[in-house]
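Comments concern the structure below.
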Amino acid sequence: MIPSDHFVRFYNEVFKFLDERNALRPYYDQISRHQELHCLEWFKREGLKGMYDYWEHIRIEENCEMEQKLLPDRLYFRMSRCPSLSKVLDCDAEPCAKYCDHCAGWVLPLMTKCGYYYVENIIGRKTPECVSVITPSKEVAEEVQREYLASAVEENTVFSNLDNWEEVERNKK
């Protein structure tokens, strides 16, 4: 088993390699398809509570400084210190310019297939914190996206699947 300190360095270099070849999207899509094996039916069946339970397990397992709030119409996350990016920043290599895109990269397709909206603000490319919301409501997602875009510190740090709203709505069934 590879230690997490080594794994994130490896991941960082893989992201750089793939980004230079415009191949990050297919990579994220493959990771998302793999995650479907573990999460798709669970998330559809258990909804926001199932998602909360999943990320609570990740929070504990990966020692994330993360707060989750499960509300009736959304699941809210605030990662105040991402262990993955923090480890990348602690090593001697420059972080991949799109390192933080990997979360939205695999989560967005999965949420779309589950019939949920996902909006994330990664705050900054070299800031190990982010906020995100998962909701079944298009209106809530649009409101959150407007808020995140208005507060974005850097360009291209807000991600959502609102462009695929028709597919999200179709997949609610």
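Quick note: the coordinates plus some simple rules give every number you see, no bench work behind them. Only a predicted model underlies this, so the values are computations on that prediction, with no experimental measurement involved. Glycine also receives a Cβ, built like all others from the backbone with ideal geometry; neighbour counts cover every protein chain displayed.
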Angle between the chain longest axis and helix 138-151 axis [Cα atoms, degrees, rounded to 10]: 40
Proximal aspartates and glutamates relative to LYS172, as straight alpha-carbon distance under 18 Å, when same-chain residues fewer than 8 apart are discounted: GLU36, GLU41, GLU46, ASP73, GLU139, GLU142, ASP163
Whole-Å distance, taken between Cα centres, linking the stretch 137-173 and the stretch 64-120: 14
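Please report the net charge: other residues with Cβ closer than 14 Å to the Cβ of LEU48, K and R +1, D and E -1. Walk me through the intermediate numbers first.
On the way: positive: LYS44, ARG45, LYS49, LYS69, ARG74, LYS172; negative: GLU46, ASP53, GLU56, ASP73.
Result for the local shell: +2.
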Given 13 as the ceiling on other Cβ atoms within 10 Å, longest exposed-site-free region of the chain for GluC sites (Glu not before Pro) in DSSP loops: 63-153
Cross-link reach list, lysines versus LYS126, counting only Cα pairs under 21 Å and skipping chain neighbours closer than eight places: LYS16, LYS87, LYS98
Kirkwood hydrodynamic radius (C-alpha pairs) into Stokes-Einstein, the chain, 10 °C and 1.306 mPa s, D in µm²/s: 96
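Gain in length, HIS6 to ASP90, computed as 0.36 nm per residue apart minus the alpha-carbon separation, to one decimal in nm?
Result: 29.1 nm gained on full extension.
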